[in-house]
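Take a look at the structure set out below.
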Protein chains: 2
Amino acid sequence: MNTFIEACQEAIGTEHVLTSAEDLAPYLRDQRGRYIGVACAVARPGTTEEVAQLVKLCQQYRVPIVPQGGNTGLVLGSVPDQSGTALVLSLRRLNRIRHIDPLNQTMTVEAGCILQNVQQAAHDAKRLFPLSLGAEGSCTIGGNLSSNAGGTAVLRYGNSRELCLGLEVVTPQGDIWDGLRGLRKDNTGYDLRDLYIGAEGTLGIITAAVLKLFPQPVAIRTAFIALESVDHALQFLTLTQQRCSAALTGFELMSSFCLELVRRHFPETPPLFAQTYPQYVLLELSDHESESHANTLLETVIAHALQEGIVADAVVASSLSQSSALWQWRERIPLAQAIEGKNIKHDISLPISRIADFVCDTDAQLKQRYPGVRLVTFGHLGDGNLHYNVAGPTDIPDHRFLENQQAINRLVHDNVHAYDGSISAEHGLGALKREEILRYKSPVEMQLMGQIKQALDPHNLMNPGKVL
Amino acid sequence: MNTFIEACQEAIGTEHVLTSAEDLAPYLRDQRGRYIGVACAVARPGTTEEVAQLVKLCQQYRVPIVPQGGNTGLVLGSVPDQSGTALVLSLRRLNRIRHIDPLNQTMTVEAGCILQNVQQAAHDAKRLFPLSLGAEGSCTIGGNLSSNAGGTAVLRYGNSRELCLGLEVVTPQGDIWDGLRGLRKDNTGYDLRDLYIGAEGTLGIITAAVLKLFPQPVAIRTAFIALESVDHALQFLTLTQQRCSAALTGFELMSSFCLELVRRHFPETPPLFAQTYPQYVLLELSDHESESHANTLLETVIAHALQEGIVADAVVASSLSQSSALWQWRERIPLAQAIEGKNIKHDISLPISRIADFVCDTDAQLKQRYPGVRLVTFGHLGDGNLHYNVAGPTDIPDHRFLENQQAINRLVHDNVHAYDGSISAEHGLGALKREEILRYKSPVEMQLMGQIKQALDPHNLMNPGKVL
């Protein structure tokens, strides 16, 4: 092992190969503090060529590799296992914006760029890079692509996969594949790009990417909508999509209990409605014409929905500060539920047409089996993606309620499967859901995935124990 | 071989296994009449299970399989080679629309559905399926997906890949992979869907798909724009995208010579401008608000472009019939150039920022080396996709000029490569460009593709001689 570490030091410089327990600690700990792995070292290469050299050394010494970006993942995808044999390969020093091409609406960035910096660089070039999610201040674009991250703008712009035109990848053999193409159309062979996106580092290491940019909107409008049920929210979604088409850039659902938690733990959040309603939607429109066109469009669609009885009440932001006050309600839900106590989280997606029935059925089953259970349900309704989180009754200590975690996961995930949904909408499988997925994916699909993994990484050195 | 054919007949019924030369003929001939292959038989299964049975038999007898839809491809991807050993497996009898889910905005269709029927079924459900291309009356959705077809609406809605959420595939082993998921977000493993899309039947057979639907626009407006140069067209594209965003659904470039050909061979096409201009753009906007909003948007953007000197002149259609008259100019270009004579076709894409320079350079090189050469350049400028076709001088017979085909392909494709483009934007590789691509793709990329092919289809029975 020492020889291997010396070889790594020679390849990229001693100061970029960390070996002390203190230096390693932040790279080994999972984002939510649930897990601490063990590694032989952390290597921080500064160029794609250095990544390739390290991977070649890992092949030579048969050392497993755990690629890591911002280490903000939620499914134990970027931390090593307990064996202590793995090298954590941090991409954080590959953080250059290589090129921006405003006319082609693309930018070429290295994997270690922080998402927020990518957004900012696009903005400085008068363009929009629309990927946006809670961890954007610390996650990296390489991690976003490796996990096909979603976030709040998927409804309009798609997942990370749809935002990427080309990749540079270091293969498990330490070769560099230069697929940094900035083309909207290219039908010259297998779609390697999309195979690497979402593979969670198990087929190679994404070192750079060509990202799609978009024109910046000239006006953004938000509204908070009160509704009687999830079914009403879905009717409102259909109406808004029909009327606003691609101007609809956000459609976030929140249950009454989500807002109650925010009120309880962030009482300074400006009040919304005089009474409470069962469900709420935070609506965002992005307009490319004018402020006044955005206002008219938003007012027309809300007026129509109120008239039809689809919507019970609405608050429209008339300034940027009012708009961010509305977004606070949505953004504070995860924080408020963390303060409230532990809960059992599910990142699920469903066909949009089946969401209302799924929520109704699953809520009822959980309430029957675990009386007093509290459901913190919110998410990106426009994508069919719910964060369906289950908190225990107030009179039972968290640690006691968490004893039901496995049984509750089973109930929720079995229902998701029965309603043709996915048990990981945007977080990936990592090490956390790797066993769970075997229950839901067919042997044929697992076999196809296994054949690809075996073909590209025959020694199983790329992020072993994740996905497969 | 007789035993094999008998086994096929037993599996799917004698009447669905064609063996006579007369019956086979239409399945063996390439769309453009350039090539006629040989097959041992044509099988026309009626269900996915029958496809799976046939593939199992092919594995057992080691018979190569050529999957075929409408057989409208342009790169010899759906016809067998000369060996006579292959079975053509026609998907045309798998032509059921299995399910439409308007609320989820999806439809589940079998591979053999004609594209136009898919569009119509979506329309009947008050939804839009936006894939649209010349062959839509006879191509099948399975072929569209296998070749990741593009067409005229890619600018707004993406290629076939972006229009598909889930697949059903028969693997090379004859297993059925049911990946018919109708989810916008699903991060549970490798992206097998996108690997099969665009693989041209070399990794398995797509038998059904879940397609994305969209709200129907309430108004569609078209305009014909005259411009001084390709560079002006690109400036106009940027302006229109900034102003109209996703309402921009078509942006087709045509050179002056393209219109001259249409005028010559279809003199009844209604005239456009009093004088000629070097370049033209056919612009299409789709509006979800109202007819009047569509008019205002279109008029505003054109007025602004005229004022800025980006656009030289414009004709706006004020009725559906005027709109289709404008589209005739675009649609008749391929027909007019066929009447005019043979030409050497290139389906290329480029970064949008490099198109003007590419066209300028390549035109000049061709004109210098082949004096009198005539360039028929048109295409989907908004996607960076040009049909860059080269016709010979009027005073040289076609067959003489076509002797330069290889040299001209080389010149054009080398330039495309030098400008970071693709030599097959939307048609695929098939058997036609399989050798050519080796010149432009890196050995690393070819090796990755080869490893995947070898892993999934170790006996190389799936559409051999195509892509790889």
query: Of the residues that make up the range A:134-142, is at least one hydrophobic (A, V, I, L, M, F, W, C), closer than 26 Å to A:Ala246 by Cα and within 22 Å of the chain's Cα centre (by Cα)?
result: yes
Pairs where the first residue, in the range A:35-50, is closer than 13 Å to A:Thr14 by Cα and the second is at pLDDT below 95, C-beta under 9 Å, 6+ apart: A:Ala41/A:Met1
query: In the list A:Leu94, A:Leu89, which residue meets the criterion of being part of a loop (DSSP other than H, G, I, E, B), in contact (Cβ under 8 Å) with a residue 60 or more places away in the chain and away from chain B (no Cβ under 14 Å)?
result: A:Leu94
query: Out of all the residues in the range A:3-38, which are under 22 Å from A:Gly430 (Cβ atoms), out of contact with any helix residue (DSSP H, G or I) (no Cβ under 6 Å at 6 or more places or on another chain) and not charged (D, E, K, R)?
result: A:Leu24, A:Ala25, A:Pro26, A:Tyr27, A:Leu28, A:Gln31, A:Gly33, A:Tyr35, A:Val38
statement: In the set A:Ala135, A:Ala122, the lone residue that is among the aliphatic types (A, V, I, L, M), surrounded by fewer than 23 Cβ atoms within 10 Å (Cβ to Cβ) and either in contact (Cβ under 8 Å) with a residue 60 or more places away in the chain or assigned to a loop (DSSP other than H, G, I, E, B) (or both) is A:Ala135
- request: Consider only pairs whose beta carbons are under 7 Å apart and that are at least six residues apart or on different chains; among these, list those whose first residue lies in the range A:440-468 and is more than 7 Å from every other protein chain (Cβ to nearest Cβ) and crowded, with 18+ Cβ neighbours inside 10 Å and whose second residue is assigned to a helix (DSSP H, G or I) and among the basic types (Lys, Arg).
  value: A:Leu468/A:Lys453
message: Can you confirm whether A:Leu411 is at pLDDT 95 or above, under 17 Å from the mean Cα position of the chain (by Cα) and either within 14 Å of chain B (Cβ to nearest Cβ) or assigned to a helix (DSSP H, G or I) (or both)?
response: no
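Matching residues to (1) within 11 Å of chain A (Cβ to nearest Cβ); (2) not hydroxyl-bearing (Ser, Thr, Tyr):
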{"position": "B:Gly201", "(1), (2)": "no, yes"}
{"position": "B:Phe214", "(1), (2)": "yes, yes"}
{"position": "B:Phe236", "(1), (2)": "no, yes"}
{"position": "B:Cys244", "(1), (2)": "yes, yes"}
{"position": "B:His265", "(1), (2)": "no, yes"}
{"position": "B:Pro270", "(1), (2)": "no, yes"}
{"position": "B:Thr276", "(1), (2)": "no, no"}
{"position": "B:Gln279", "(1), (2)": "no, yes"}
task: For B:Gln337, state whether it is outside any loop (DSSP other than H, G, I, E, B), within 20 Å of B:Thr394 (Cα to Cα), in contact with a strand residue (DSSP E or B) (Cβ under 7 Å, 6 or more places away or on another chain) and away from chain A (no Cβ under 14 Å).
output: yes
- prompt: If you scan the range B:77-100, which residues turn out to be more than 18 Å from B:Cys40 (Cα to Cα) and in contact with a Lys or Arg (Cβ under 9 Å, 6 or more places away or on another chain)?
  reply: B:Arg92, B:Arg93, B:Ile100
message: If I filter the range B:343-402 down to residues being aliphatic (A, V, I, L, M) and assigned to a loop (DSSP other than H, G, I, E, B), which single residue comes out as nearest to B:Trp329 (Cα to Cα)?
response: B:Val373
message: Any residue at all in the range B:152-161 that's without any contact (Cβ under 8 Å) to a residue 40 or more places away in the chain, hydrophobic (A, V, I, L, M, F, W, C), under 25 Å from A:Thr240 (Cβ atoms) and in a loop (DSSP other than H, G, I, E, B)?
response: no
statement: Picking from B:Leu183, B:Leu192, B:Leu211, the residue that is within 30 Å of B:Val55 (Cα to Cα) and in contact with a Pro (Cβ under 9 Å, 6 or more places away or on another chain) would be B:Leu183
task: Taking A:Asn117 as the residue in question, decide whether it is within 12 Å of chain B (Cβ to nearest Cβ) and either polar (S, T, N, Q) or not in a helix (DSSP H, G or I) (or both).
output: no
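The values are calculated or read from the model by the stated rules, or taken from the named source; none is laboratory data. Fair warning: this is a prediction, and the values are worked out from it, not measured in the lab. Methodologically, a virtual Cβ is constructed for each residue, glycine included, from the backbone with ideal geometry; neighbour enumeration extends over all protein chains shown.
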